[in-house]
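Notes follow once the structure below has been shown.
Throughout, read-outs are computed from the coordinates displayed, never taken from laboratory work. Note that this is a predicted model, so its numbers are computed, not measured. Cβ sites come from the backbone with ideal geometry, for glycine too, and all protein chains shown count toward neighbours.
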Amino acid sequence: MIAGKSMKEHFRFACAYWHSFNGSGADPFGDATHIFPWDEKSDPIERAKDKADAAFEFITKMGLPYYCFHDVDVIDYTNDVKENDRRLKSMTEYLAGKQADSGVKLLWGTANLFSNTRYMYGASTNPDFHVVAHAGAQVKAALDATIALGGENYVFWGGREGYMSR
């Protein structure tokens, strides 16, 4: 016990959505090697629901108390902020049902502000205001989803802030 808390309370173990259900297994010399059955449907929301079903089956079988995610790992994003918000809200409702059924909790959520090429020169530090505005909308949506799912934390991930030149 540390300061009246057990180690389990200090070190909360979670399944990371992106590592377990999104990695393609690709390397610089080839294509994806992880071909997942939840990636087969053409509709992005149905595909995301299939992934959530697989994720919660795995998480509950492993007896894990928490999961965590980047927004774009839960649902594929487009370049349209309103469409992304609609998609994430739909999946937030679905994930809330999965949490209620399983007892698994959200440890934290975050916005992926580094994988898309729009963030090559940063997100909140980008010199293009359209990119900064897109990043702000993406963070707001991810925060809203995290709060709606009862997340215990939110991570402000500054994975690609700064400037890159060619």
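Summing Lys and Arg as +1 and Asp and Glu as -1 over all other residues whose Cβ lies under 14 Å from the Cβ of D76 gives a net charge of -4. If R0 equals 30 Å, the separation of the Cβ atoms of F36 and S124 corresponds to a calculated FRET efficiency of about 0.40.
Packing around the peptides 66-76, 98-108, 139-149, taken as the average count of other Cβ atoms within 10 Å per residue, puts them in this order, highest first: 66-76, 139-149, 98-108.
The separation of segment 108-163 from segment 60-82, counted between C-alpha centres, amounts to 14 Å. Considering every alpha-carbon pair of segment 67-141, the percent of pairs per 5 Å bin, from zero through the bin containing the longest distance, is 3, 16, 25, 23, 15, 9, 6, 3, 1. This ranking places R87, R160, R12 by how few other beta-carbon atoms lie within 10 Å of each, fewest first, which gives R12, R160, R87.
The ellipsoid that matches the Cα gyration tensor of the chain has semi-axes, each √(5λ) in whole angstrom, of 27, 21, 17, with the longest given first. Taking every DSSP helix (H) stretch of at least 4 residues in the chain, weighting each as -39,500 (n - 2.57) and dividing the sum by the residue count yields a mean residue ellipticity at 222 nm of -14000 deg cm²/dmol.
Is there a quick way to get the dipole size of the chain? I mean about its Cα centre, with the Cβ of Lys and Arg at +1 and of Asp and Glu at -1; what is the value in debye to the nearest 20? Don't skip to the end; give the middle numbers.
Numbers: 18 positive and 22 negative charges, 99 e Å.
Once rounded to the nearest 20, the dipole reads 480 debye.
Modelled this way, with points 7 Å down the Cα-to-C-beta line, the labels at H10 and D76 are 4.4 nm from one another. Ignoring lysines fewer than eight residues from K41 along the same chain, the ones with Cα atoms less than 19 angstrom from its Cα are K49, K51.
The long axis of helix 44-62 is offset from the longest Cα principal axis of the chain by roughly 40 degrees. Taking G109, G30, G97 as the candidate residues, the one with maximal mean-square fluctuation in a Gaussian network model of the chain, Cα springs under 10 Å, is G30.
For K140, what charge total do you get from the other residues with a beta carbon under 11 Å from its beta carbon, if Lys and Arg give +1 and Asp and Glu give -1?
On the way: positive: none; negative: D71, D85, D144.
Residues near K140 contribute -3 overall.
Descending by average beta-carbon neighbour count within 10 Å, the peptides 35-43, 125-133 line up as 125-133, 35-43, the highest first. Seen from E57, the other residues with C-beta closer than 15 Å to its C-beta sum to a net charge of +1, counting Lys and Arg as +1 and Asp and Glu as -1.
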